[in-house]
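The values are calculated or read from the model by the stated rules, or taken from the named source; none is laboratory data. If you're wondering where the values come from, they're calculated on a predicted model, not measured in any experiment. Using ideal geometry, Cβ is built from the backbone for each residue, glycine included, and neighbour counts are taken over all protein chains shown. When the accessible area is computed, the model is the full protein with side chains, heavy atoms only, and any ligands, DNA or RNA have been set aside. Shrake-Rupley method; radii C 1.70, N 1.55, O 1.52, S 1.80 Å.
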Amino acid sequence: MLSDPIVALATPPGRAALAAIRLSGAGVNAVASRCLQPFPDGPRTVVQARVVHPVTSETIDRSLAVRYAGPRSYTGEDMVEVFTHGGLVVAAGAVAAFVAAGARPAAPGEFTRRAVLNGKLDLLQAEATADLIDAGAPAQRRQALQQLDRGLSERLAALRTDLLDLEALIAYDIDFPEEDDGPVETERVTRGARGVRERLAHLVRTAPDGERLREGALLVIAGRPNAGKSSLFNALLGRERAIVTEVPGTTRDAIEAAAVLEGFPFRLVDTAGLRESEDRIERLGIEVSRKYLGAADLILYCAAGGDEAAREEFLAQCQAPVVTVHTKADLPAAFPSSPFPRVSAVTGEGLDDLKKKLAEVAFGGLLAQGDLEPVLTRARHRTALERALSEVEAFEAARAACVDTVAAVTHLRAAVGALDELIGVVTPDDVLDRVFSTFCVGK
Ligand SMILES: Nc1nc2c(ncn2[C@@H]2O[C@H](COP(=O)(O)OP(=O)(O)OP(=O)(O)O)[C@@H](O)[C@H]2O)c(=O)[nH]1
Ligand SMILES: [Mg+2]
């Protein structure tokens, strides 16, 4: 059943002042009124109510309760929200009472899924809701909020309208060819198609930056043994996560940790120092380093001086952009003539500039366009828009080759279809399943 009454704890279980419980669905008032005394007599009025078990009549907590009448609610259905005391026992007991009264425990993301099905949110906004909750860096929050405010949706809706207009223009041409005023109309179609193609291509180009923003940029710290990689890793992270010793070859395995630098999300990876080694474990570690280097969005190379040849050799193998620094800048022997920025994990010298530099290299595209431009943040977005783009290109090619207009128009239809699926106008169940599978229960 798509609208049966569901219940979930919307806040994490554990010691806290309050817990929020949500119920939604047809007949939810009847269910909730069996547990809430008194039950709010009108929508959007908060009442102080006892939560009572419907079978045992035991009082579980004193709460605040509010109800919403559909469609003016988050899901678009009748809803009830109850704020109980927090902790492990109270909220769970209240949820159990609502279940005993006839509500079903909600699946992850089920509230938001209903909001989408009832037209309260489109699919991009639903994804943005999850991104907002998962945001670990301010830049991720800003991006998610912008998407929730329909930044990307509006951009796509405008593209969709233009595609439909183009189709209408051509349909008119098919229906009334004798009224065709010739080259003017043809030019309008050509211009229209080009405009849509360019805007689609522009959005597709934002995908690498956008996906990196959602997932965090993979920043791999590399260099010779003892160069100070683990020390720099710890300094960027702001805590002692990796072991540091004066023995070259200390780090044997890759260590990954999330960090926010200049407001942007990074996944920092400390690696085993690169050298020829007889030690079997160290060799395995160096193998792991190479795998990470292959996947990196960005590499931070720690040069320790006197290893210029090693650095050149290393750079030749890297695909990702490399930022080089001279480590241990506080030591008197620290290569005063080095061409690279100097940093010290001990004194903190150069660290702020390094963070800025890393954010610039990893997220330069986003920094340049500010927060105002919507970007594609998921593979789902990218594949849909790539499909729309190739259909528009196929339309242009078909027209250039003087293919039958009716046949050419099917490409425009297909492009609209790709956008519809992306926005969630028509969305197959398996797409919805995939989007909502990663949601929190209660959202
Ligand atoms: N004075 C000074 N010493 C440093 C600095 N960074 C690292 N060291 C020292 O250099 C030695 C090696 O540091 P690590 O951070 O373990 O170097 P690593 O590159 O991770 O070494 P491996 O894991 O063996 O490849 C340790 O004795 C650190 O205390 C620095 O900025 N200043
Ligand atoms: Mg190390």
So for segment 40-49 (the condition being aliphatic (A, V, I, L, M), surrounded by fewer than 21 Cβ atoms within 10 Å (Cβ to Cβ) and farther than 26 Å from Cys440 by Cα), does at least one residue qualify? yes
Mind listing just one residue for me: the one in segment 238-254 that is open to solvent by 30 Å² or more (accessible area, probe 1.4 Å) and touching a strand residue (DSSP E or B) at 6+ places or on another chain (Cβ under 8 Å) and, of those, nearest to ligand 1 (Cβ to nearest atom)? Arg241
Subset of segment 321-334 (residues that are assigned to a loop (DSSP other than H, G, I, E, B) and either free of Cβ contacts under 8 Å to residues at least 60 places away in the same chain or more than 16 Å from Val220 (Cα to Cα) (or both)): Pro321, Lys328, Ala329, Asp330, Leu331, Pro332, Ala333, Ala334
Among (1) within 30 Å of Leu152 (Cβ to Cβ); (2) within 11 Å of ligand 2 (Cβ to nearest atom), Thr206 falls short only on (2)
Qualifying positions in segment 229-240 - more than 26 Å from the chain's Cα centre (by Cα), away from ligand 2 (no atom under 11 Å from the Cβ) and within 14 Å of Leu219 (Cβ to Cβ): Ala235
Return the residues of segment 319-329 that are away from ligand 2 (no atom under 16 Å from the Cβ) and open to solvent by 60 Å² or more (accessible area, probe 1.4 Å); say none if nothing qualifies. Gln319, Pro321
Result of the Cβ filter at 8 Å on segment 243-262, keeping first residues that are more than 12 Å from Phe233 (Cα to Cα) and partners that are open to solvent by 30 Å² or more (accessible area, probe 1.4 Å) and of a type in the set (A, V, I, L, M, F, W, C), at least 6 apart or interchain, is Thr250/Ile243; Thr250/Val244; Arg252/Ile281; Arg252/Leu284; Asp253/Val288
Would you check if there is a residue in segment 344-356 being at pLDDT 95 or above, in contact with a Pro (Cβ under 7 Å, 6 or more places away or on another chain), open to solvent by 70 Å² or more (accessible area, probe 1.4 Å) and outside any loop (DSSP other than H, G, I, E, B)? yes
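So, Gly365, is that one part of a helix (DSSP H, G or I), touching a residue at least 40 places away in the same chain (Cβ under 8 Å) and either touching a helix residue (DSSP H, G or I) at 6+ places or on another chain (Cβ under 7 Å) or not aliphatic (A, V, I, L, M) (or both) or not? Can you show your working first?
Working: part of a helix (DSSP H, G or I): yes; touching a residue at least 40 places away in the same chain (Cβ under 8 Å): yes; either touching a helix residue (DSSP H, G or I) at 6+ places or on another chain (Cβ under 7 Å) or not aliphatic (A, V, I, L, M) (or both): yes.
Yes: the conditions hold for Gly365.
If you check Val189 against the conditions, is it more than 16 Å from ligand 2 (Cβ to nearest atom), modelled with pLDDT of 95 or more and under 26 Å from Ala415 (Cβ atoms)? Break it down into steps so the answer makes sense when it comes.
On the way: more than 16 Å from ligand 2 (Cβ to nearest atom): yes; modelled with pLDDT of 95 or more: no; under 26 Å from Ala415 (Cβ atoms): yes.
The answer is no for Val189.
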Within segment 340-389, considering residues that are under 21 Å from the mean Cα position of the chain (by Cα) and of a type in the set (Ser, Thr, Tyr), the one farthest from ligand 2 (Cβ to nearest atom): Thr383
List the residue pairs whose Cβ atoms are under 7 Å apart, where the first residue sits in segment 288-312 and is on the phi > 0 side of the Ramachandran plot and more than 16 Å from ligand 2 (Cβ to nearest atom), the second is part of a helix (DSSP H, G or I) and open to solvent by 20 Å² or more (accessible area, probe 1.4 Å), and the two are 6 or more positions apart or on different chains. none
Residue that is farthest from the chain's Cα centre (by Cα), among those in segment 84-102 that are crowded, with 20+ Cβ neighbours inside 10 Å and closer than 13 Å to Leu18 by Cα: Ala94
Out of (1) buried (at least 19 other Cβ atoms within 10 Å of the Cβ); (2) in contact with a Leu (Cβ under 8 Å, 6 or more places away or on another chain), the odd one out for Phe436 is which? (2)
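Between Ala368, Ala334, which is among the hydrophobic types (A, V, I, L, M, F, W, C), loosely packed, with under 15 Cβ neighbours inside 10 Å and modelled with pLDDT under 80?
On the way: Ala334 fails: loosely packed, with under 15 Cβ neighbours inside 10 Å.
Answer to the check: Ala368.
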Pairs with Cβ under 9 Å, 6+ apart, first in segment 386-401 and polar (S, T, N, Q), second part of a helix (DSSP H, G or I): Ser390/His411; Ser390/Ala415
Before we move on, is Leu218 more than 16 Å from ligand 1 (Cβ to nearest atom) and not in a helix (DSSP H, G or I)? yes
Could you say which residue among Ser73, Ser63 is open to solvent by less than 40 Å² (accessible area, probe 1.4 Å) and in a loop (DSSP other than H, G, I, E, B)? Ser73
In segment 261-296, anything open to solvent by 60 Å² or more (accessible area, probe 1.4 Å) and within 13 Å of ligand 1 (Cβ to nearest atom) is listed as Arg275, Ile281
